[in-house]
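Engineer: There's a structure below that I have some questions on.
The values are calculated or read from the model by the stated rules, or taken from the named source; none is laboratory data. These numbers were taken from a predicted model, which means no experiment stands behind them. Positions of Cβ are backbone-derived with ideal geometry, glycine not excepted, and every protein chain shown enters the neighbour counts. Accessible surface is based on the protein model in full, side chains and every heavy atom, while ligands, DNA and RNA are left aside. Shrake-Rupley method; radii C 1.70, N 1.55, O 1.52, S 1.80 Å.
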Amino acid sequence: MTAAALRTGAAILRALSAASATHLHAHALKLGVLPSCLHLCSALLKSYAASGRAASARQLFDEIPRRDVPLWNALVSTYARSGHPRHALAAASAMACDAGGRPNGVSVTSLLSACAQLRSPVHGRELHGYAVRNVVDLDLPVLNALVNMYGKCGRLADARMVFAGMEVGMRSAVSRTSMINGCSENERPAEALEVFEEMMIVGVKVDEVTLLAVISACAKLDCTSSLGDWVEQCALDNGFLQNTRVANALIHMHGKMGRVRRSCEIFDSMVLRTVVSWTAMIQALATNGHGVAALVRFVQMLREGFQPDEVTFLSVINACGHSSLVNEVHQLFKSMVHEYGITPWMEHYGSMVDMLCKAGALDEAFEFVLAMPVKPDPVIWRVLAGACQGHGNASLARRVMDHVISMEPDHDGNYILASNLYAADEDWRRVIDVRLDMGVRKGTSRGAIAASYVEVNGD
């Protein structure tokens, strides 16, 4: 097989499916052209990277005796793209020790993605420093990856610095989307919309990813209906209103704004719906107190053959709980576990306890918590304790607070909650005991605390 034929095969491979790549890999091994043809090896690695097949990529890589920088980059990219960020960093370290060469700009771009997945600003800053010292020209992909990494790692000021250092004409849709996501994820949604507005002014084409980022930012704002209409109009103008993912995000956004009627209109107009679509619609109804309507949508979803997942069940359970549909919540929880084989999250248990507490069934809630197959978290116990206080059930409150304090003996809020519960029941001795325990935990002697309490209260 000639070199030209091998290069042609590599070019064809880039357009093939993962299954075809596997067959071509096996055929090339039979012909004996691997691992000597680096063009074909690189194409195979990239194909495995695109399909997230890290193990296959590593096996091929280990068979190659001469590894150049592009091959190392293909391996690093495979790990980063398939959700193995630590393996990507380890591969880069091995690359630096290999005779093949040091990481270049392409390497840095993949490694910054790995740092973003790890939420590791320390590694990210080290890579930034390495790039400044060793990469001759920090091109647009590297700068975009820096903005994304700093945003994901909670270093919004650093993301702004990199973004501001880019010439306005150089900023692409990816640059601006990374900055929008960074602002939104770091609780600066208004700033995210400012970046989007500037993007619209300079005429950068909006894509699906950008719209999803902007809609997410809007959902976090206590904004007016006009802003929601503006974002939806942007989706319409750019031909994305019938895009399923964009429509799902708009349903969620309008629901958060209290515009559940508009959420229903978008949902009803969708040509293609997914489980996420149904869940977004149920969440919108739940958020706005329409428990019965949410349950109706859930039933419709089942009739149309969709399989509910954990999030769907959590949404409909919350919806029914807020509307005091106690029997329905019980049935939903049992159906989730026994019919669909879904293991409940802590949030599912918490919703059940919250519903029972609101219905005044405190003893049932307490027994439900004790029967949980997983250890209840402190939040569930505190919800139950607060409900005991609200319903004046002092005896159960004491039992609950014993569990809470034993789980989190260093949490000040637990002692304050216990003190308030006992004070409401005028159990002043228990109030003093709790205050003493809290003070001793902070290093103050019980005698000093008691003396101070007597001095203040005159007892």
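Engineer: Scan segment 166-188 and give yes if some residue there is farther than 23 Å from Arg245 by Cβ, open to solvent by less than 50 Å² (accessible area, probe 1.4 Å) and at pLDDT below 95, otherwise no.
Structural biologist: Yes, some residue in segment 166-188 is farther than 23 Å from Arg245 by Cβ, open to solvent by less than 50 Å² (accessible area, probe 1.4 Å) and at pLDDT below 95.
Engineer: Another question, if that's okay. So Gly228 ticks every box in (1) closer than 16 Å to Arg176 by Cβ; (2) crowded, with 16+ Cβ neighbours inside 10 Å but one. Which box is left unticked?
Structural biologist: With respect to (1) closer than 16 Å to Arg176 by Cβ; (2) crowded, with 16+ Cβ neighbours inside 10 Å, Gly228 is out only on (1).
Results for (1) touching a helix residue (DSSP H, G or I) at 6+ places or on another chain (Cβ under 9 Å); (2) open to solvent by 40 Å² or more (accessible area, probe 1.4 Å); (3) not β-branched (Val, Ile, Thr), shown as yes or no for each residue.
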| position | (1), (2), (3) |
| --- | --- |
| Arg245 | yes, yes, yes |
| Phe267 | yes, no, yes |
| Asn288 | yes, yes, yes |
| Met301 | yes, no, yes |
| Val311 | yes, yes, no |
| Ser315 | yes, no, yes |
| Phe333 | yes, no, yes |
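Engineer: Report whether or not Phe267 is within 14 Å of Ser323 (Cβ to Cβ), out of contact with any Lys or Arg (no Cβ under 7 Å at 6 or more places or on another chain) and of a type in the set (Phe, Trp, Tyr).
Structural biologist: Here the answer is no, as Phe267 does not meet what is asked.
Engineer: So for segment 127-144 (the condition being closer than 15 Å to Ala116 by Cβ, at pLDDT below 95, more than 26 Å from the chain's Cα centre (by Cα) and open to solvent by less than 70 Å² (accessible area, probe 1.4 Å)), does at least one residue qualify?
Structural biologist: Looking through segment 127-144, at least one residue is closer than 15 Å to Ala116 by Cβ, at pLDDT below 95, more than 26 Å from the chain's Cα centre (by Cα) and open to solvent by less than 70 Å² (accessible area, probe 1.4 Å).
Engineer: Which condition breaks for Thr312 when tested against (1) of a type outside the set (D, E, K, R); (2) in a helix (DSSP H, G or I); (3) within 25 Å of Val206 (Cα to Cα)?
Structural biologist: Status for Thr312: all satisfied but (3).
Engineer: Which numbered condition in (1) farther than 19 Å from Gln242 by Cβ; (2) assigned to a helix (DSSP H, G or I) is the only one that Gly305 fails?
Structural biologist: That leaves (2) as the condition not met.
Engineer: While we're on this one: Output the residues belonging to segment 381-399 that are of a type in the set (A, V, I, L, M) and open to solvent by 10 Å² or more (accessible area, probe 1.4 Å).
Structural biologist: Of everything in segment 381-399, those that are of a type in the set (A, V, I, L, M) and open to solvent by 10 Å² or more (accessible area, probe 1.4 Å) turn out to be Val383, Ala387, Ala394.
Each row is one residue, and each column tells you yes or no for (1) over 19 Å from Val214 (Cβ atoms); (2) under 25 Å from the mean Cα position of the chain (by Cα); (3) open to solvent by less than 50 Å² (accessible area, probe 1.4 Å).
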site	(1), (2), (3)
Leu236	no, no, no
Leu241	no, yes, yes
Arg262	no, no, no
Leu285	yes, yes, yes
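Engineer: In segment 58-94, which residues are farther than 13 Å from Ala114 by Cα and basic (Lys, Arg)?
Structural biologist: Arg58, Arg66, Arg67, listed by residue number.
Engineer: Under 8 Å between Cβ atoms, at least 6 apart or on separate chains: pull out the pairs that start in segment 313-325 with a residue that is on the phi > 0 side of the Ramachandran plot and end on any residue that is part of a helix (DSSP H, G or I) and open to solvent by 30 Å² or more (accessible area, probe 1.4 Å).
Structural biologist: Matching pairs, first to second residue: Ser324/Lys358.
Engineer: Further question: Yes or no: Ala293 out of contact with any strand residue (DSSP E or B) (no Cβ under 9 Å at 6 or more places or on another chain), under 26 Å from Ser351 (Cα atoms) and surrounded by fewer than 20 Cβ atoms within 10 Å (Cβ to Cβ)?
Structural biologist: So Ala293 passes the test.
Engineer: Would you confirm, using the coordinates I've provided, whether Val276 is surrounded by fewer than 19 Cβ atoms within 10 Å (Cβ to Cβ) and either touching an Asp or Glu at 6+ places or on another chain (Cβ under 6 Å) or under 23 Å from Leu221 (Cα atoms) (or both)?
Structural biologist: yes
Engineer: May I ask you to list pairs of residues, at least six apart or on different chains, whose Cβ atoms are under 8 Å apart, with the first in segment 230-256 being free of Cβ contacts under 8 Å to residues at least 12 places away in the same chain and the second being in a helix (DSSP H, G or I) and among the basic types (Lys, Arg)?
Structural biologist: none
Engineer: Among all residue pairs at least 6 apart or on different chains, which show Cβ distances below 6 Å where the first residue, located in segment 343-362, is closer than 14 Å to Leu332 by Cβ and assigned to a helix (DSSP H, G or I) and the second is of a type in the set (Asp, Glu) and open to solvent by 10 Å² or more (accessible area, probe 1.4 Å)?
Structural biologist: Leu356/Glu364
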